[in-house]
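Each remark here refers to the structure printed beneath this line.
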Amino acid sequence: AVDEKKEGSNHGEMQSTPSFYSCWPSISLEWTTVTYEHVNGNDPTPRMQTHRETFHHALICNGHYSLPSFPPIPGLRNFSGRILHAIEYDDPLDFKGQTVVCIGARASGADIAKEIGGVAAEVFLSDSGCERWEEFGTKGENVVKRVPRTSWIDDEGGVHFSSSASSGEDDDGSTQKKQEWVVKNVDTLIFCSGYDYDFPFINEKSNLELSFPPGERRVQPLYEQLWHAQYPSVSFIGLPHSVVPFPLFELQASAVVSQLLLQSSSLLSSSLTEKETEGLIESQVVPLPSLQERMEKARLDATSGGPESPGRVQDTHFLGSHQWDYCLKMAKIGGVYDESMENYIATNKALYDRSGKERKQILPGKKDKYRETRFQRDDKNQTYRIIYSEMEEEKSTVS
């Protein structure tokens, strides 16, 4: 529960100066522990105890890779085969000889399609960004087909894929019309559709306004995908997806800590040492903007559909190639931005781009050789040196 003291209640409209941090509300958390006691040698007796404590800040770090998201597909009840989510996937041999549809073509979908492509009879990788039927591999191989979005399932269980109503132009300049394909006798549907955000401890008892409906994959209102826009004493680490996770999460944590230090400096300035005070000044931490600015930014982010156009609600927290600008922003807010940090982030990008390029060269169903590439970082020059690459060795052999 959020303390009823609202931001600005003591000082009016908040200003972008450290003094306003003293108005951040406190957070009351309640939890239950269970202990087991042995009495006279009998079976252990559970004893429940409720705890309640107040904190200056709460960091929500419960991850978002545990609650599967299942997008609605008309006619799904007509499908009589096996339905599972990528979180349940384990062994490609379970799909030997089957016809399989992977719904979703980002990391999970692409990787699973590659793994089972060598043993399944047919694999269809359904990609919302695809507009036509594409096949990979050579004649005589088990090929993976890349197909458009899964649109519906007919009464006989046939899985239909549809392109967009207007999907650009053909090579001759003519406008492409909406097309539809159907695959019958599908054995298994694998939903590679990501995960929903879930915060079961934020519920009707919490006086914290937070929206995260199942299926939307959107949390709001958030400032910079990190702080609760109205109550920045609550922050959410690790919501952005399609990123290099740990470096980004570390920079988010640095940004949160920097704001806590600013808050502490305004509340406890008399107890800070001279060295600690100088450190805050030299770090050039960027204070969060006013409540009004945070709420407006949160509104725009929640309705943007993500950083790419056309956007989707489900891509609100998608970053992909936009993660590097976000990392730089977090570094500046956190007061850890300097030349070495910029070099570090740029080298991460170079490694990410290189691995992504190699990954795209591998046909579905083939070994992910790019995973075996070994690099040595050269942050000073924002680059790297390849120590070992199975793919590069193959190229040399062929040439």
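The values are calculated or read from the model by the stated rules, or taken from the named source; none is laboratory data. In this text the structure is predicted, and so the values were computed from the model without any measurement. Please note: Cβ atoms are built from the backbone with ideal geometry, for glycine as well, and neighbour counts cover all protein chains shown. Areas reflect the complete protein model, heavy atoms only, side chains present, ligands, DNA and RNA absent. Shrake-Rupley method; radii C 1.70, N 1.55, O 1.52, S 1.80 Å.
Taking amide H as placed 1.01 Å from N in the peptide plane, His85 has its amide H under 5 Å from the amide H of Phe191, each at least 5 places away in sequence or on another chain.
With all pairs of different C-alpha atoms in the average, the Kirkwood value for the hydrodynamic radius of the stretch 289-399 is 17.0 Å. Among the protein heavy atoms, those of Trp24 account for about 10 Å² of accessible surface (1.4 Å probe, every chain in place). Each part gets one Cα centre, and for the stretch 299-315 versus the stretch 188-238 those centres are 15 Å apart. Distance check, please: which entries in Lys114/Lys360; Lys178/Lys360; Lys114/Lys178 exceed 22 angstrom between their Cα atoms? Distance filter (> 22 Å) returns Lys178/Lys360; Lys114/Lys178.
Keeping all protein chains in place, calculate the accessible area per residue for the stretch 69-135 (probe 1.4 angstrom), answer in Å². Walk me through the numbers before you get to the answer.
On the way: 3230 Å² over 67 residues.
Normalised by residue count, the accessible surface of the stretch 69-135 is 48 Å².
Ligands, DNA and RNA aside, Ser258 has an accessible area near 10 Å² when probed at 1.4 Å. The loop-placed trypsin sites (Lys or Arg not before Pro) in the stretch 51-147, going by DSSP, that have at most 10 neighbouring Cβ atoms within 10 Å of their Cβ come out as Lys139.
At 1.4 Å probe size, with the rest of the protein present, what percent of the exposed accessible area of the stretch 24-105 is carbon and sulfur atoms?
Numbers: 2720 of 5380 Å².
Carbon and sulfur atoms account for 50 percent of the accessible area of the stretch 24-105.
Probing with 1.4 Å while keeping every protein chain in the model, the per residue accessible area of the stretch 184-245 equals 36 Å².
For the stretch 15-127, the equivalent ellipsoid derived from the alpha-carbon gyration tensor has semi-axes of 46, 29, 14 Å in decreasing order.
Among the protein heavy atoms, those of Leu261 account for about 90 Å² of accessible surface (1.4 Å probe, every chain in place).
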